[in-house]
Amino acid sequence: MQKTFLFPHNPRYFCLFFIVLLLYGLPTAQIVHAADATLQNADTLYHDISYEEELAEAVSVLNLGDLSQVTSNLVLPHSYGIHVNISWKSSNEKVIDTNGKVITPVDEDKDIILTAELSSTKINQTEKKEFEVHVPKASAEDILEQDAKTAQEYIDYMINNGYVLPDSKELGIRSDISWKLTAGEAQLNGNKVEKTKSSAERQPVEFRADLTWEGARKSIEIKNITLLDEYAGYILSYFAGKKESKEMYLGYSYDGIHWMRLNSADAVLSPRKGVRQIRDPFIMRKKDGSFAVFATNGWSSPMITLWDSEYLETFENERLCKLSEPGGAASGYHTWAPECNYDPITDQYYIYWSDPSANGGVGQIYYNTTADFEAFSPAAVFFEREFYVIDASIKKYKGDYYMIYQDATGESDEGTGGRRVYMAKADSLKPGTFYPYCGVLSEGVAEGPFLLQNFKDQSWFAYYDYYAEHKFGYASIADITQDDWTYHGISKTMPWEEVRHGGAIPVTQKELDKILAAWAKDDPELIHLIEPNEVSAKTGSKPSSLKLPKTIKAQFSDGNLTDLPVTWNTNNISLEEEQSITIQGTLQQSNCHYTNTESLTPQITIKVRSSGFPTLIVSMAAAIIMVLLLLTVIFGHLFRKKRT
């Protein structure tokens, strides 16, 4: 049997819950409202349901909507509840694949059978459910329209110098596509977008995509794009837990794994409005490339706190933004963990957040839209599951959006899946389009997750807050479109006493330099020297003839991998006989400031080989001479015999 609980139902703990809310400043009327909602829904919130019943319920509610005239991609759920996984089969994957992608036929209408296979992770039981799908044939104009939509949705609003615009194969479309730069100080080298000498640091650009299919043509404009320099590092935002300081702290990294805190152990941002407590700080780029900082305003508030920042050196225009009202889609009492994504197609921002007291205590992810962070649309449901979810964070990759979030139900025992991190996926930011995508991403109870792409090899990290330990854990994957995450446990390269719910964002070298100049108080630690390849030498040669490298690769505690100048100690070494010699070097002064508390020393191996002909060559030469001598004797004998 599984048990789901969202608020404390033991009277003693419920009183404690009441007191905690009071201490955090929730008005008495709101406390009563929350208490009433909890008690009125007790029968719903705290119920037992067998795994067989959960599976049967999943089969019953699984619905794909109107399938009579399908012309666009389908949302195929991959899970239900906590313990039900769903896999799909298609009777014709050339028309509808198992991810729900629809390729409309051009010859005739197609009828497809989609089969869902639902299985429980807790019991050995599987159920199937079939869906009949009718896909009408498409005209050339229809295909162009679909392909143009795919191309328009593919590109994110921030691209880097050297970004390659996608071709038809990359987009997975049937039309031929060509690109033109229509605005902005940049140039196209083939499909590669490159900055010029006159490009701005954050350069607005626009493109036109020309598509052709079976003689038909269509063009679309791609606007609201900013061209940045290449990314060089990451900035991490977080708040502290044990001290309950409720301020924003920053860290940085060059590789997304090894992190250094900024401003030593001190906060970089303290709120002056609202309840003057920052939780869950999140940094995003606005469409012009500058930054905005979002934070939860204390524990119980319908408002979030928002700042603007050009380079994260300073933070201006602090303001409280009210996103929720009582009687609306959410409760009007909480706006936890606000984050934001920009949609260049609609030219608006989606701010999404959590409300644990909404929906009778089974809170979902809610959202508002805004064009200017001054006026906001009414709150509405953005993403919902069959259970209570919080802490959504979204990243776009190749036209799709990946949402990482926490299942906040009360189950936290090993193997139950409660209070762990999951992922959902959608092909747009449109509310209601995200569907469960893969299984548990955290090894234990965790919250506050965020995704981070490795800009060097396009792999991904999923970070999350092990809030009981006040530490971050993480997992990694080479391809986010797959489901084979590698878990790394608590980060050993984020060596801070306390770090809580936050986020990370990539920055360029110019931006990172400004941030470090403003906030870096500690030098990174030298943690590893990579020994160069061995050097060869001939016996009898002089040490001064050795071709030794002038630099050595050095790894630092902030993830930076760079070359340090080195001189090698070749005194008192002999190269007279064949041997392997390891010599040490001395690191020289450089522009790189660091500490070397472990006194790491460079070293290199010298392989001394004989300066004469190798034995094999000598042996082969001797054999050839012997053969020639033998042939000479034979032919001489034959010649003499013939004469006689």
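Any idea what diffusion coefficient the stretch 161-283 gets from Stokes-Einstein, in µm²/s, Kirkwood Rh on alpha carbon pairs, 37 °C, 0.692 mPa s?
Taking Rh from Cα pairs, D becomes 180 µm²/s.
Quick one: which of 113-119, 328-334 comes out on top by average Cβ neighbours within 10 Å, and what's the full order, highest first?
328-334, 113-119
Using only the Cα atoms of the stretch 55-178, what are the Rg and Dmax in Å?
Looking at the stretch 55-178, its Cα Rg and Dmax stand at 17.6, 52 Å.
Which listed residue (ALA475, VAL566, ILE490) has the Cα farthest towards the positive end of the charge dipole for the stretch 443-567, taking +1 on Lys and Arg C-beta and -1 on Asp and Glu C-beta about the Cα centre?
Towards the positive end, the residue furthest out is VAL566.
Using the Cα centre as the reference, give the magnitude of the dipole from point charges on the C-beta atoms of the stretch 487-565 (Lys, Arg: +1; Asp, Glu: -1; all else neutral), rounded to the nearest 20 debye.
I would put it at about 480 debye.
Between ILE490 and LYS514, what is 0.36 nm times their sequence separation minus the Cα-Cα distance? Round to one decimal in nm.
Value of the extension gain: 5.7 nm.
Using the heavy atoms of the protein chains and a 1.4 angstrom probe, tell me the accessible area per residue for the stretch 325-365 in square angstrom.
25
Convert 25 °C to kelvin, take the viscosity as 0.890 mPa s, use the Kirkwood radius over C-alpha pairs of the chain as Rh, and evaluate the Stokes-Einstein diffusion coefficient in µm²/s, rounded to a whole number.
It diffuses with D of about 85 µm²/s by this estimate.
What is the distance, in nm, between label points placed 7 Å from the Cα along the Cα-to-Cβ direction at ARG208 and at SER60?
With each label point 7 Å from Cα toward Cβ, the separation is 5.7 nm.
Please report, as a whole percent, how much of the solvent-accessible surface of the stretch 342-406 comes from carbon and sulfur atoms (probe radius 1.4 Å).
46
Only Lys, Arg, Asp and Glu count, each charged at its Cβ (+1, +1, -1, -1), so figure out the dipole size of the chain about its Cα centre, rounded to 20 debye.
For this selection, approximately 2960 debye.
Specify the angular offset, from 0 to 90 degrees and rounded to the nearest 10, of the alpha carbon long axis of helix 615-643 from the longest principal axis of the alpha carbons in the chain.
50
Which lysines, if any, have their Cα less than 18 Å from the Cα of LYS223, not counting same-chain residues under 8 positions apart?
Counting by Cα, and skipping residues close in sequence, LYS223 has these lysines nearby: LYS149, LYS180, LYS192, LYS195, LYS286, LYS287, LYS396, LYS398.
Using only alpha carbon pairs under 8 Å that are at least six residues apart, calculate the relative contact order of the chain and give it in whole percent.
Across the chain, relative contact order equals 10 percent.
Rolling a 1.4 Å sphere over the protein heavy atoms, what is the accessible area per residue of the stretch 162-305, to the nearest Å²?
With the other protein chains kept in place, the stretch 162-305 gives 41 Å² per residue.
Using alpha carbons only, how many angstrom separate the centre of the stretch 339-365 from the centre of the stretch 249-285?
If we compute the Cα centre of each part, the gap is 22 Å.
Based on the alpha-carbon gyration tensor of the stretch 225-274 and its eigenvalue square roots a ≥ b ≥ c, which shape applies: rounded if a/c is under 1.5, prolate if not and a/b is larger than b/c, or oblate?
It comes out oblate by the Cα gyration axes.
If the reach is capped at under 16 angstrom between alpha carbons, list the lysines near LYS322, excluding any in the same chain fewer than eight residues apart.
The qualifying lysines are LYS273.
Only Lys, Arg, Asp and Glu count, each charged at its Cβ (+1, +1, -1, -1), so figure out the dipole size of the stretch 75-155 about its Cα centre, rounded to 20 debye.
520
Can you list residues whose amide H is under 5 Å from ASN263's amide H, if they're 5+ apart or on another chain and H is modeled 1.01 Å from N?
HN-HN under 5 Å from ASN263: ALA520, LYS521, ASP522.
Place +1 on the Cβ of every Lys and Arg and -1 on the Cβ of every Asp and Glu in the chain, take the dipole about the Cα centre, and give the residue among SER557, PHE239, HIS78 whose Cα lies farthest towards its positive end.
SER557
Tell me, what is the FRET efficiency for LYS607 and ASP522 to the nearest 0.05, using R0 = 56 angstrom and their Cβ-Cβ distance as r?
That gives a FRET efficiency of 0.90.
Be a star and scan the stretch 64-102 for residues whose amide nitrogen sits under 19 Å from the point 7 Å along the Cα-to-Cβ vector of MET284.
Label zone hits: none.
Carbon and sulfur: what percent of the stretch 423-537's accessible surface (1.4 Å probe)?
50
Alpha carbon centre of the stretch 538-588 versus the stretch 127-195: separation in Å?
Here the answer is 51 Å between Cα centres.
Taking K and R as +1 and D and E as -1, what net charge do the other residues with C-beta under 11 Å from the C-beta of ALA329 add up to?
Result for the neighbourhood of ALA329: -3.
For the stretch 486-618, with the dipole built from +1 on Lys and Arg beta-carbon atoms and -1 on Asp and Glu ones, taken about the Cα centre, which of LEU548, ILE604, LEU516 lies farthest toward the positive end?
LEU548
Can you list the HN-Hα couplings for the stretch 530-540, worked out from phi with the Karplus curve (6.51, -1.76, 1.60; θ = phi - 60°), rounded to whole Hz and with x for Gly and Pro?
These are the phi-based 3J(HN,Hα) values: 8, 5, x, 4, 5, 9, 8, 9, 9, 4, x Hz.
Got a number for carbon plus sulfur as a percent of the stretch 120-252's accessible area, 1.4 Å probe?
Ligands and nucleic acids excluded, carbon and sulfur reach 41 percent.
For LYS538, go through the aspartates and glutamates and keep the ones whose alpha-carbon is under 20 Å away, minus same-chain ones fewer than eight residues off.
GLU576, GLU577, GLU578
The values are calculated or read from the model by the stated rules, or taken from the named source; none is laboratory data. None of the values given here were measured: they were computed from a predicted structure. Note that we place each Cβ from the backbone using ideal geometry, even for glycine, and neighbour counts take in every protein chain shown. These area figures cover heavy atoms from the full protein model, side chains too; ligands, DNA and RNA do not enter into them. Shrake-Rupley method; radii C 1.70, N 1.55, O 1.52, S 1.80 Å.
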